[in-house]
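To start, the structure under review is shown below, and the notes come after it.
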Amino acid sequence: MSPTDRIGWFPGHMAQSIRLMQERLALVDVIIEVVDARLPTISANPLLNTLIGERPRLVLLGREDLADPGLTGKWVAYEQQLGRTALAINGKLQGSVRNALPLLDDLTNRRKTARAMVVGIPNTGKSTVINGLAKRIAAKAEDKAGVTRALSWFRVSPTLEIMDTPGIMAPKIETHEAQWQLALCNALPRERYDAQDVVTKFTEWAAMHHRAVPDLEAFARRRGFLRRGNEVDLHTAAAAYVKDFNLAKFGRITFETPPAVEAAPVEAAPVEAAS
């Protein structure tokens, strides 16, 4: 991927969704922000911080079953050090998602009727979170970006209503590393990036971080992606490689490490005068 080959995605419906979210914020008591545990900061849209402001927020680190468990624990601790309520979840397990309910009760002061808004970039698992909380298929969920296009309300318990919102990507993804990592983690539609370039970037990253993963050609030959004359079909293999990555076939991988949080200064105990 050359410096001029930027990956980005901010269609018109996202700009419209931002305006609608701003209008609906007055109706909600708490924000549920869903991020990808493999990319906790890269998958957190900075635009949302401006929109949300000081409202109570629950940060859910989704896809924790695909992320490095040790780093996930550190990310939860980091969020808590910043004063945020955070929880790592596996959207495939209803019990894991429903662990968020007591936290939401606390954040809404256990109101008899509370409303939450689920926000995040595309394909972090927002609809899956709603379905897990509701214990039924309430919101449409697919493993691709851009499925949810409208704001919709769902009652997930007698005391809680949740608004699902479309995934909103930042208008500009600042770094090339963030671009290919978001693409690899399925936050971008497949037609918006070259899968071969993304896989190449990933294997280069893996080599730098001492992770044993196959390169694209080795993967293609092992899986039998060959054309006539034993020629490797790298295009088809790259799409399969991305799919396997998102099934944790190459291990549970997290791309980001939480920064250090400075501890608050500790006041020295008063020294008693000697008698």
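Gain on full extension, evaluated as 0.36 nm per residue between Gln80 and Asp244 minus their Cα-Cα distance, stands at 55.8 nm.
Given the pairs Lys92/Lys172; Lys126/Lys172; Lys135/Lys243; Lys92/Lys112, which span a C-alpha to C-alpha distance of over 24 angstrom in this model? Beyond 24 Å: Lys92/Lys172; Lys135/Lys243; Lys92/Lys112.
With Kirkwood's inverse mean 1/r over C-alpha pairs for Rh, give me the Rg to Rh ratio of segment 186-267, two decimals please. It would help to have the intermediate numbers written out before the result.
On the way: Rg = 17.5 Å, Rh = 14.7 Å.
With Rg and the Kirkwood Rh in hand, the quotient comes to 1.19.
Where a number appears in this text, it was derived from the coordinates with a stated rule and is not lab data. No experiment lies behind these values; they were computed from the predicted model shown.
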